[in-house]
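Asks: Sharing a structure below in structure tokens format, with a few things to ask.
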Amino acid sequence: MPAALEAWAAANGRALTSGEEYAVGKMRLFQALDEGVVPLPAVAAREARLVVDESNFG
């Protein structure tokens, strides 16, 4: 989510690089796997949203 990226940039004095953004997204996927959110049946997967926001990015 843009707000999470903006909050991180404000707290750290710079924006994330594209590689860092990719890594954050990948870590969110790992978190979802650990939580048991994934794997999902194909029907449920179409509705799933894994977002990076202030609750899981810091």
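Asks: For segment 17-49, which residues satisfy the criterion of being more than 14 Å from the chain's Cα centre (by Cα) and assigned to a helix (DSSP H, G or I)?
Replies: Of everything in segment 17-49, those that are more than 14 Å from the chain's Cα centre (by Cα) and assigned to a helix (DSSP H, G or I) turn out to be Ala42, Val43, Ala44, Ala45, Arg46, Glu47.
Asks: In addition: Is segment 1-16 home to any residue that is within 9 Å of the chain's Cα centre (by Cα) and assigned to a helix (DSSP H, G or I)?
Replies: Checking segment 1-16: not a single residue is within 9 Å of the chain's Cα centre (by Cα) and assigned to a helix (DSSP H, G or I).
Bear in mind these aren't lab numbers, they're just calculated from the coordinates by the rules spelled out. Computed from a prediction, not measured in an experiment: that's the story for all the values here.
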